[in-house]
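To start, the structure itself, in structure tokens.
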Amino acid sequence: MLRITRATFRTTRTRSALTLSAAAVAALALCVPAAQAAPTTAAQTAEAQSAAQLDGRVAKHRHTGPEIHRFLSWFYGDHGPSDSKREHFVSDFLKQKQAENPDHDVILCAQNTPQNIEVGPVTTAQSAGFGWATVTAYWADGTTSTFTAYVALDSHPIELHEVVCAQ
């Protein structure tokens, strides 16, 4: 007769969970080209997947404040996002907003290219499903402007969802 102990059952369940985590990390690695993988590292993704294990089920990952800050800093860079970033890391909602305002860059709340951009601290609201940060643009004439950039916590891949310009 085959005898299964609790330790054997736990070991089997742990191996299954680790196999699921490894498969999830491999799938995530294939989703984003290496040149654009700045928002998170594979080790951070694996750690988040391991922490999300609950009774053998993998919980859906939600972006954290530090992940959102890294993403926004990478996305905006020093002078604003490239055309490729605008195409691949911006929500359809924001793309539609840009199409409705062709004479104004809704992602930078401007018409020119800034000299520098800084991303402030990120706030996340789990219940609302969004994280946001104030972004400051520095202009050639010495002035600054600010706007708030929003990221949906459950967007995969991570993307800029909305921008609200300061008045």
So, first residue under 17 Å from VAL135 (Cα atoms) and in contact (Cβ under 8 Å) with a residue 24 or more places away in the chain in segment 99-112, second residue small (Gly, Ala, Ser) and open to solvent by less than 30 Å² (accessible area, probe 1.4 Å), Cβ within less than 7 Å, six or more apart or across chains; the pairs are LEU108/GLY80; LEU108/ALA137; ALA110/ALA137
Query raised in the report: Can you find a residue in segment 66-77 that is open to solvent by less than 30 Å² (accessible area, probe 1.4 Å) and part of a strand (DSSP E or B)?
Result: no
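Could you check segment 119-167 and list, in sequence order, the residues that are in a loop (DSSP other than H, G, I, E, B) and in contact with an Asp or Glu (Cβ under 6 Å, 6 or more places away or on another chain)?
Result: no residue meets the conditions.
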When segment 144-163 is checked residue by residue, the ones that are hydroxyl-bearing (Ser, Thr, Tyr) and open to solvent by 70 Å² or more (accessible area, probe 1.4 Å) are THR144
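The values are calculated or read from the model by the stated rules, or taken from the named source; none is laboratory data. These numbers come from a predicted model, not from an experiment. With ideal geometry, Cβ positions are generated from the backbone for all residues, glycine too; neighbour counts draw on all protein chains shown. These area figures cover heavy atoms from the full protein model, side chains too; ligands, DNA and RNA do not enter into them. Shrake-Rupley method; radii C 1.70, N 1.55, O 1.52, S 1.80 Å.
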